[in-house]
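K.L.:
Here you go, one structure.
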Amino acid sequence: RRKQLPHQSVERRAIISKCYKPKHPEVYTLQDSFLAPEFLEIERFCTSPGADLQGLLSYLESFSDKRIYRLPVFTEQFCQALLDELENFEQSDMPKGRPNTMNNYGVLLNELGMDEPFLTPLRERLLPITALLYPELGGACLDSHKAFVVKYSLHEDLDLSSHYDNAEVTLNVSLGKEFTEGNLYFGEFNQDPSPVPKYIEVEHVGGRGLLHRGGQIHGALPIASGERWNLIVWMRASAVRNRLCPMCRRKPELVEAEGFGDGFTEPPQGEELPQTVNVCALG
């Protein structure tokens with residue numbers, strides 16, 4: 001199944017690229033005007049000489065000791081435009097892939113053609129932040145990603161059970177709409193199990209994103225009313241996962257894949273620079 005997914009995704013993307021007419025083509029390319037002024041201020045701090053973790057933490061909301069942080073990411077106007085675009089795509093007759101095995105409603109953003117013009121620049125602009133927050137997880141060298149939008153509503157997916165992500169670092173941004181309840185909850189880091197795990201709840205705030213370690217056990221409580229959309233970006237560091245697959249906890253055995261794959265790398269013959277196009281056959 002996993003070997004077939006990249007090929008199926010490439011086929012869908014080709015059809016979408018040829019046949020789908022975006023309602024808001026401007027949202028496909030990242031612009032400074034999409035980013036919250038507070039995000040730009042954090043970015044300026046993290047790229048300034050002498051930037052350090054303690055200084056960065058003064059700009060962020062921290063939760064417990066689990067290294068979960070909230071920060072403004074997008075403006076309300078951009079969130080509304082992106083949601084309008086996603087709903088337009090959802091209502092079209094274009095082929096659609098599921099974001100992952102746990103979410104039945106949402107959009108794979110690479111199939112919409114958003115990887116290079118929007119998501120890669122966003123990931124690269126997050127690097128100065130993640131480098132300070134998660135240095136041991138490759139926060140300075142997150143070189144690939146998987147990004148998707150998930151949708152929760154009363155008659156579709158209500159919640160999300162406990163899991164951890166196939167990522168070194170995850171960004172989860174609440175895009176809206178109007179909803180009640182549906183908080184995220186976080187438990188232990190998957191490598192530090194506790195006989196009596198302690199959970200904390202974190203509320204979604206429109207336009208704001210949560211940064212957390214991909215291996216942090218988490219889930220989403222049921223929404224009570226309305227509809228919620230979240231942008232999820234799984235960010236991966238091949239320098240970290242080439243040594244140990246985060247899902248099967250073994251040295252990865254690679255099979256070729258399309259695009260970023262699962263973020264592992266293998267240098268092609270005769271080339272020094274690796275390409276992030278592989279998946280672990282064991283996971």
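K.L.:
Considering only residues of segment 4-14 that are over 16 Å from residue 115 (Cα atoms) and open to solvent by less than 80 Å² (accessible area, probe 1.4 Å), which is farthest from the chain's Cα centre (by Cα)?
P.N.:
By that ranking, first place goes to 8.
K.L.:
Something else about it: Could you look through segment 118-148, keep only residues that are of a type in the set (A, V, I, L, M) and more than 13 Å from the chain's Cα centre (by Cα), and pick out the one that is most open to solvent (accessible area, probe 1.4 Å)?
P.N.:
It comes out as 140.
K.L.:
Please verify whether residue 90 is closer than 27 Å to residue 216 by Cα and either small (Gly, Ala, Ser) or open to solvent by 20 Å² or more (accessible area, probe 1.4 Å) (or both), treating the condition exactly as stated.
P.N.:
Criteria not met by residue 90.
K.L.:
Pick from 5, 40, 82, 30: which is touching a strand residue (DSSP E or B) at 6+ places or on another chain (Cβ under 8 Å) and either without any contact (Cβ under 8 Å) to a residue 40 or more places away in the chain or under 18 Å from residue 147 (Cβ atoms) (or both)?
P.N.:
Answer to the check: 82.
K.L.:
Moving on to the next point. Can you name the number of the only condition in (1) closer than 24 Å to residue 181 by Cα; (2) of a type in the set (A, V, I, L, M); (3) touching a Pro at 6+ places or on another chain (Cβ under 8 Å) that residue 221 fails?
P.N.:
Just one mismatch for residue 221, condition (3).
K.L.:
Has segment 62-73 got any residue that is touching a Pro at 6+ places or on another chain (Cβ under 9 Å) and either in contact (Cβ under 8 Å) with a residue 60 or more places away in the chain or of a type outside the set (Phe, Trp, Tyr) (or both)?
P.N.:
yes
K.L.:
Looking at segment 24-52, which of its residues are in contact with a Phe, Trp or Tyr (Cβ under 8 Å, 6 or more places away or on another chain) and not aromatic (Phe, Trp, Tyr)?
P.N.:
Of everything in segment 24-52, those that are in contact with a Phe, Trp or Tyr (Cβ under 8 Å, 6 or more places away or on another chain) and not aromatic (Phe, Trp, Tyr) turn out to be 27, 29, 30, 33, 35, 36, 38, 41, 42, 51.
K.L.:
Also: Restricting to segment 241-261, count the residues that are among the charged types (D, E, K, R) and open to solvent by less than 20 Å² (accessible area, probe 1.4 Å).
P.N.:
1
K.L.:
Are any of the residues in segment 231-240 surrounded by fewer than 17 Cβ atoms within 10 Å (Cβ to Cβ) and either in contact with a strand residue (DSSP E or B) (Cβ under 8 Å, 6 or more places away or on another chain) or at pLDDT 90 or above (or both)?
P.N.:
Yes, segment 231-240 has at least one match.
K.L.:
How many residues are of a type in the set (D, E, K, R), open to solvent by 40 Å² or more (accessible area, probe 1.4 Å) and at pLDDT below 95 when one looks only at segment 15-66?
P.N.:
Number of matching residues: 1.
K.L.:
If a residue has to be buried (at least 21 other Cβ atoms within 10 Å of the Cβ) and either touching a Cys at 6+ places or on another chain (Cβ under 9 Å) or part of a loop (DSSP other than H, G, I, E, B) (or both) to count, how many in segment 216-230 make the cut?
P.N.:
1
K.L.:
Here are some residues: 195, 99. Which one is over 24 Å from residue 57 (Cβ atoms), in contact with a strand residue (DSSP E or B) (Cβ under 6 Å, 6 or more places away or on another chain) and at pLDDT below 90?
P.N.:
Of the residues listed, the single one that is over 24 Å from residue 57 (Cβ atoms), in contact with a strand residue (DSSP E or B) (Cβ under 6 Å, 6 or more places away or on another chain) and at pLDDT below 90 is 99.
The values are calculated or read from the model by the stated rules, or taken from the named source; none is laboratory data. This structure is a prediction, so every number in the text was calculated from the model and none was measured. Positions of Cβ are generated from backbone atoms using ideal geometry, with glycine treated the same way; all protein chains shown enter the neighbour counts. To get the accessible areas, we keep the full protein, side chains included, count just its heavy atoms, and leave off ligands, DNA and RNA. Shrake-Rupley method; radii C 1.70, N 1.55, O 1.52, S 1.80 Å.
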